[in-house]
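The values are calculated or read from the model by the stated rules, or taken from the named source; none is laboratory data. Keep in mind it's a predicted model, so treat the numbers as computed, not measured. With ideal geometry, Cβ positions are generated from the backbone for all residues, glycine too; neighbour counts draw on all protein chains shown.
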Amino acid sequence: MLKRSVLFRFLLLLSVFIQHSIILCAQDTSLSDELIWPEMKGSVYSLLSEVSGMTDLLFVYDSSVIDNDKKLKIPAGKRTVHEMISVILENDELQINRIGSHLLIKKESALLKPSVLLSEEVAEPTGLWITGIIKDRQTGLPLSGASVSIPDLSLGSVSNREGEYRIHLHDSLKNAVLRFSHLGYDIFEADVLSQNNKYSEIALTPLVIPLQEVVIRNVDARKLLRQMLETRDKNYSIKPSLMTAFYRECIEFKNKFQQLSEAAFDIYKTPFTMDIPDQVRLVKMSKINNLSSGDSLLVKISAGISSCMQLDIIKFVPEFLNPDIIDSPYNYYSSGIDYMDGACVNVVEFRQRKGIKAPLFQGKLYFNSDNSALIKAEIELNSKYISKTGSQFIVKHARNFKLTPERIAYQLDYKMYNGKYYLSYIRGDLFFKVRNKKLFSSSSSLYTWFEMLICDINTRDVKTFARNERLNTKSVFSDYNSPSESDFWSDYNIIPLESELNKIIEQITLQIEKTIVE
């Protein structure tokens, strides 16, 4: 039996810690109401959260307007709600407008600028813009995680959960070919110029794999894993690279949007042969907060960026990728073949052995049958024992509430560029059950997710970042501030927002615009 510390080694690497605080509600609070405030100290973000906790008010503001990280100490005393907010903001140029239970904070002479991702009014960008939706030709259903790329180039994007995609290309690529691909589907290619400046519907045809071919190609699962490890230096880059990445993290509680943070990063990516951590440099970011009240729960995703770095399982080889470790807790099964980007793929499933009562990972691994490279992994914690992992994912600050993990799942892809495979896409989905231990009430749902897309790769003249440019990947990313711009994401490839989340955010944006017009 493996020791507990060994069992959780990989789990700890992937941990996404959630820090939360409970908001208590007082109904129908007016800005002119006088309250007795206790002594308060902390960041502007935490102080506004405490104000929300003592009122029925929600805060909506742009991160370029308010410095969330600024530290304050406010003495106890009797103040109106408006006075208390003004003391926290310490800025006479800010206006506070009430829209129902929302408080809109904005500059007197400027319109609040949410992320361009959250608004349709975007400055006309340069270059070529390819947008649309990818569907299954037979069922008509959207395909999530489909790849959109230029063959032999490092540029690319993926479709969101509703099959929608968006990719920006330089004018010099107008005569190039755009490739659409997905696991288990035939490749579709189209001229870039024919797809430019229009919303296209791309239908991919499912591949039918003859049963005879599945039987003939059935291979030893453990042998596949050994071959992958033995050929890492041939299939994966052994030189540092500079990557451009799009990152997004989101928090939803009771199916209500709470916070969305998005960013463009530069990543100094070190290969698996170097025992040097990756470096991240922030280029641009945007975020929108909806600090809820009532029975809402505020959460922060901590170490989400760090988790993306650690999820590179080619560099940080987890136990489930090594079938020859002593007393391995896993069983491996060959589950046939599939096709991805025109190549035959061997599929291996792994599960923990019976008798091992620990929350280990299980899932599917996809290997290119020609070169044994791992090109895709879908993994999640064993749901049977997942409740034992709560302390690994959650740092609690509210004694009366219990958060229990219900599902922790990750997806990661590797794509080939110049004959070598590189990390391409990472997605993490974390579901929790929330229960108030003091109240006899039903449990609520908390859902957090993050994703990172590598949009471009450069392998020439790669240099490390200056120390003062490096982002602390283990910190709470949503607490960072970066100025917004009208053409915020003009030159970056991003993943479109799912329509349901987009509608929620649009409701806030529309209320903001309505207030300013009035």
In this structure, is Ala221 modelled with pLDDT of 90 or more, of a type in the set (Gly, Ala, Ser) and over 18 Å from Ile454 (Cα atoms)?
yes
All-but-one check, Glu349 against (1) under 23 Å from Ile187 (Cα atoms); (2) among the charged types (D, E, K, R); (3) not in a loop (DSSP other than H, G, I, E, B), failing number (1)
Listed by first then second residue, the pairs whose first member lies in region 303-331 and is part of a loop (DSSP other than H, G, I, E, B), whose partner is among the polar types (S, T, N, Q) and buried (at least 19 other Cβ atoms within 10 Å of the Cβ), with beta carbons under 6 Å and at least 6 positions apart or on separate chains, are Phe316/Gln310; Pro329/Gln352
Among residues of region 193-205 being over 28 Å from the mean Cα position of the chain (by Cα) and part of a helix (DSSP H, G or I), the residue farthest from Ser172 (Cα to Cα) is Ser194
Requested in this report: Restrict the check to region 422-436 and report whether at least one residue is surrounded by fewer than 18 Cβ atoms within 10 Å (Cβ to Cβ), out of contact with any helix residue (DSSP H, G or I) (no Cβ under 7 Å at 6 or more places or on another chain), modelled with pLDDT under 80 and not assigned by TED's automatic domain parsing to the domain that holds Glu164.
Outcome: yes
Per the list (1) buried (at least 17 other Cβ atoms within 10 Å of the Cβ); (2) assigned to a loop (DSSP other than H, G, I, E, B); (3) at pLDDT 85 or above, residue check on Asp266 breaks on (2)
* Ile379 vs. criteria more than 24 Å from Lys234 (Cα to Cα), among the aliphatic types (A, V, I, L, M) and out of contact with any Lys or Arg (no Cβ under 6 Å at 6 or more places or on another chain) -> yes
Those residues of region 451-476 that are farther than 27 Å from Asn418 by Cβ, modelled with pLDDT of 90 or more and among the hydroxyl-bearing types (Ser, Thr, Tyr) come to a total of 0
Taking region 133-154 and keeping only residues that are crowded, with 21+ Cβ neighbours inside 10 Å and over 13 Å from His182 (Cβ atoms), one is left with Ser154
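Quick grid of which residues meet (1) modelled with pLDDT of 65 or more; (2) over 30 Å from Lys315 (Cα atoms):
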position: Leu12; (1), (2): no, no
position: Phe17; (1), (2): no, no
position: Ser21; (1), (2): no, yes
position: Val51; (1), (2): yes, yes
Expected single match for in contact with a Ser or Thr (Cβ under 8 Å, 6 or more places away or on another chain), at pLDDT 95 or above and in a strand (DSSP E or B) among Lys300, Lys364 is Lys364
If we keep only residues of region 79-104 that are assigned to a strand (DSSP E or B) and of a type in the set (Val, Ile, Thr), then the residue modelled with the lowest pLDDT is Ile99
Checked against (1) over 30 Å from Leu311 (Cβ atoms); (2) modelled with pLDDT of 70 or more; (3) surrounded by 19 or more Cβ atoms within 10 Å (Cβ to Cβ), Tyr45 satisfies every condition except (1)
Reported set for region 78-90 where residues are farther than 17 Å from Gly42 by Cα and exposed (fewer than 14 other Cβ atoms within 10 Å of the Cβ) is Lys78
### Message
So, Tyr61, is that one buried (at least 16 other Cβ atoms within 10 Å of the Cβ), in contact with an Asp or Glu (Cβ under 7 Å, 6 or more places away or on another chain) and at pLDDT below 85 or not?
### Response
no
